[in-house]
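Some notes on the structure that comes next.
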Amino acid sequence: QVQLVESGGGLVQAGGSLRLSCAVSGRTFSSYYMGWFRQAPGKEREFVASIRWSSGTTYYADSVKGRFTISRDNAKNTVYLQMSSLKPEDTAVYYCAGGCSGLGCFDADKYDYWGQGTQVTVSS
């Protein structure tokens, strides 16, 4: 059974940092993209960042470019999202997703597997 388990969310002040982790079990995604999405209350789920597992190629939403970094650890089968210079508008539930085989993988519908989400709250 494939499982994606996020961790690392929490409450942080504006300007602070957090690192989210997504531990993958049950399979590897070596030929696919992994992604991070977020959903704020009353809003649609939106793309944050993606990484092609094999090459390390990354993509970012304009709203997080230069502040967030997505990475992966092959040995641990884990994907990370390092978030810095956090803003109150970054407050959302963050979801890890896997299994997309397209280019960039900006669309949530392209992913086959999802984690349960982790809450990130940024106070002003």
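The values are calculated or read from the model by the stated rules, or taken from the named source; none is laboratory data. Computed from a predicted structure; not experimentally measured. Please note: Cβ atoms are built from the backbone with ideal geometry, for glycine as well, and neighbour counts cover all protein chains shown. When the accessible area is computed, the model is the full protein with side chains, heavy atoms only, and any ligands, DNA or RNA have been set aside. Shrake-Rupley method; radii C 1.70, N 1.55, O 1.52, S 1.80 Å.
When both residues are 6+ apart or on different chains and their Cβ atoms are under 7 Å apart, which pairs have a first residue that lies in the range 1-23 and is touching a residue at least 12 places away in the same chain (Cβ under 8 Å) and more than 11 Å from Met83 (Cα to Cα), and a second that is outside any loop (DSSP other than H, G, I, E, B) and among the basic types (Lys, Arg)?
Pairs found: none.
If I ask for residues that are within 13 Å of the chain's Cα centre (by Cα) and closer than 20 Å to Val24 by Cα, which ones from the range 60-82 would you list?
Hits for the range 60-82 are Thr69, Ile70, Ser71, Arg72, Thr78, Val79, Tyr80, Leu81, Gln82.
Confirm whether Ala97 is touching a helix residue (DSSP H, G or I) at 6+ places or on another chain (Cβ under 8 Å), of a type in the set (Gly, Ala, Ser) and surrounded by 15 or more Cβ atoms within 10 Å (Cβ to Cβ).
Working: touching a helix residue (DSSP H, G or I) at 6+ places or on another chain (Cβ under 8 Å): yes; of a type in the set (Gly, Ala, Ser): yes; surrounded by 15 or more Cβ atoms within 10 Å (Cβ to Cβ): yes.
Yes, satisfied.
If a residue must be assigned to a strand (DSSP E or B) and either farther than 23 Å from Arg67 by Cβ or of a type in the set (Asp, Glu) (or both), how many such residues does the range 18-32 contain? Even if it seems obvious, please write down each step before you answer.
Pass one, the range 18-32, residues assigned to a strand (DSSP E or B): 18-25.
With either farther than 23 Å from Arg67 by Cβ or of a type in the set (Asp, Glu) (or both) added as a condition, the list becomes 23-25.
Adding up the residues that qualify gives 3.
Look through the range 59-89, keep the residues that are in contact (Cβ under 8 Å) with a residue 40 or more places away in the chain and part of a strand (DSSP E or B), and return whichever of them is surrounded by the fewest Cβ atoms within 10 Å (Cβ to Cβ).
Going through the qualifying residues, I end up with Gln82.
Name the residues in the range 1-45 that are β-branched (Val, Ile, Thr) and either open to solvent by less than 30 Å² (accessible area, probe 1.4 Å) or under 14 Å from Gln116 (Cα atoms) (or both), would you? Outline the logic, then answer.
Applying the first criterion (β-branched (Val, Ile, Thr)) to the range 1-45 yields 2, 5, 12, 24, 28.
Within the range 1-45, Val2, Val5, Val12, Val24 meet the criteria.
If you scan the range 110-122, which residues turn out to be open to solvent by 50 Å² or more (accessible area, probe 1.4 Å) and within 20 Å of Arg27 (Cβ to Cβ)?
Lys110, Asp112, Tyr113, Trp114, Gln116
Of the conditions (1) farther than 18 Å from Gly9 by Cα; (2) assigned to a strand (DSSP E or B); (3) at pLDDT 95 or above, Gly35 fails just one. Which one is it?
Status for Gly35: all satisfied but (1).
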